[in-house]
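Worksheet: the structure to be examined is printed underneath.
No lab work stands behind these numbers, since they all come straight from the coordinates. Because the structure is predicted, anything quoted here is derived from the model rather than measured. Using ideal geometry, Cβ is built from the backbone for each residue, glycine included, and neighbour counts are taken over all protein chains shown.
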Amino acid sequence: MADKERGAAVDIRAVTKTYGTFTALDDVSLRIEPGQFMTFLGPSGSGKTTTLNVIAGFTDLTAGEIQIGERSVGNLPAHKRNVGVVFQHYALFPHMTVAANVAYPLKLRRVPQAERNRRVAETLEMVRLTDFAHRHPAELSGGQQQRVALARAMVFDPPLLLMDEPLGALDKKLREWLQLEIKRIHRELGTTFVYVTHDQEEALALSDRIAVFNKGRIEQVGSGRDLYDRPETLFVGRFIGESTVLRGPHELRGGETALRIGEDWVSHPGQPVGSGRQALLVRPEKISLLRPGAVTEDGLNTLPGLISEAIYLGSGVKYEVTLTDGSRAVARVPLTDEPFALGESVIVVWQKQDARLLPDDGSSEAAQSGEEQ
């Protein structure tokens, strides 16, 4: 197994990129540790791909600094940064065989023929394409072509590998299989990986850490669990995983923050966050659904609503509930002998401490769906 120190650290320091009056990146700073799998996640236009292109050298900086390892690379052209790059659309040479495509970066670096052959063979074995060395790209499936592109980016042993939505053009089953392959390769190589995606599930499956981008800035950086369980902003909470978001007037009651939802009140332990409007975020697995009249324990929040959607998930059912103020609650519950019917009255129930109280930043449904706002 590769030495984890083979990967290079990446330091992004106060990077800004403007195009005329439009600011694509707004004072972005981030450190990526050697050997880490870092994912840039966010909706279209959020700045994640621009940041990747700035690191690669495909996009010039307006201000700030980029370091790869101990070297400042802001003024270096892309071909002198010794960085591997994998694109969504492969960019393979159609007239070359698989082996020739993979060998091309080594040929540019004037690596001797014997060494080229050895490295190509090792890399094709790593991506499980040894038997396809003499085929041309047109003879390969999309997943195979993407693995060729990955092999070509790895073969010269770069300390940093950048990937821009490399699985976006593939079907779901193949994409999930290749996610596992990429994770295995990262573990074996010890190279620093930086991966761009708008797919939250892909980010959670692959990453050591995730940087969530929004409107040219980084909203939060952390592990998938940190971002899911402890979002620092409502945008992050909505973008990472499904959620119920409750908004309404708030007041302090006996050391708790109470929010009015329609004609009802719910509460959360502790003080409001900041001085502005507040929102409660609750994850679907933290919510239970009861029929009216059921006895509930003390310390629970309850809200009445109507079942507006029921989606069978195999291991359970996802219910969408329309609350009295018109907002939507989402619950994932185990299969029961008496499923809820569309239009049925229910009580939405959760433990007070299971919600996250956050400043209301106005994040819309677009954040949760991954669309640009």
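Quick notes on this one:
- The chain - percent relative contact order, Cα under 8 Å, separation 6 or more: 17
- Cβ charges +1 (Lys, Arg) and -1 (Asp, Glu), total dipole of region 66-160, debye: 280
- The residue among P94, I68, L150 whose Cα reaches farthest toward the positive pole of the charge dipole of the chain, with charges on the beta-carbon of Lys, Arg, Asp and Glu, is P94.
- In order along region 320-333, the Karplus-derived 3J(HN,Hα) couplings, from 6.51 cos²θ - 1.76 cosθ + 1.60 at θ = phi - 60°, round to 9, 10, 8, 8, 5, 8, x, 6, 10, 10, 10, 10, 10, 10 Hz, and Gly and Pro are given as x.
- Length available on full extension from A78 to R6: 0.36 nm per residue minus the Cα-Cα distance, which gives 23.9 nm.
- If you run the Gaussian network model on the chain, springs between alpha carbon atoms under 10 Å, then out of D298, D264, D11 the most flexible one is D298.
- Pairwise FRET efficiency - S308 versus K172, Cβ, R0 = 41 Å, nearest 0.05: 0.95
- By average C-beta atoms within 10 angstrom, highest first, the peptides 187-196, 73-82, 34-43, 282-291: 34-43, 187-196, 282-291, 73-82
- Neighbourhood charge, 9 Å Cβ-Cβ cut-off, centred on G222 and excluding it, Lys, Arg +1 and Asp, Glu -1: +1
- Cross-link pairs K48/K172; K107/K173; K215/K318; K183/K215; K48/K80 - those with Cα-Cα distance over 25 Å: K107/K173; K215/K318; K183/K215
- Extreme residue, positive dipole direction of region 4-234, given options L124, I185, P159 (C-beta unit charges): L124
- Charge-dipole axis of region 243-369 as Lys and Arg at +1 and Asp and Glu at -1 on Cβ define it, positive-most pick from H268, I347, L290: H268
- On the principal axes of its alpha-carbon atoms, region 243-369 has extents of 45, 35, 24 Å, going from largest to smallest.
- Against the chain, whose longest principal axis comes from its Cα atoms, helix 113-126 is set at around 20 degrees.
- Distance from region 227-267 to region 51-87 (C-alpha centre basis), Å: 40
- 12 Å beta-carbon shell around D325, net charge (K/R +1, D/E -1): +1
- Folded to 0 to 90 degrees: helix 98-108 orientation relative to the chain principal axis, Cα: 70
- With respect to the chain, whose longest principal axis is taken over its alpha-carbon atoms, helix 142-154 is tilted by about 60°.
- Chain lengthening between D26 and A121 when straightened (0.36 nm per residue, less Cα-Cα): 29.9 nm
- Share, in percent, of DSSP beta bridges within the chain that are antiparallel, nearest 5: 80
- Summarising the label geometry, the points placed 7 Å from Cα in the beta-carbon direction at T18 and Q351 lie 5.0 nm from one another.
- Sequentially through region 27-34, phi angles give Karplus couplings (6.51, -1.76, 1.60; θ = phi - 60°) of 6, 8, 10, 6, 10, 10, 6, x Hz, Gly and Pro residues having no value and appearing as x.
- Charged side chains reduced to their Cβ positions (Lys and Arg at +1, Asp and Glu at -1) give the chain a dipole of some 1540 debye around its Cα centre.
- Here the Kirkwood formula puts the hydrodynamic radius of region 4-234 at 18.1 Å, using every distinct Cα pair.
- Our helix-only sum for the chain, with -39,500 (n - 2.57) per DSSP H run of n ≥ 4 divided by its residues, gives a mean residue ellipticity at 222 nm of -7000 deg cm²/dmol.
- Whole-Hz ³J(HN,Hα) from phi, Karplus 6.51 cos²θ - 1.76 cosθ + 1.60, for region 275-285, glycine and proline x: 9, x, 4, 10, 9, 9, 10, 10, 7, x, 6
- Each of F239, F213, F340, F87 was scored by other Cβ atoms within 10 Å of its Cβ. Listed from fewest to most, they are F87, F340, F213, F239.
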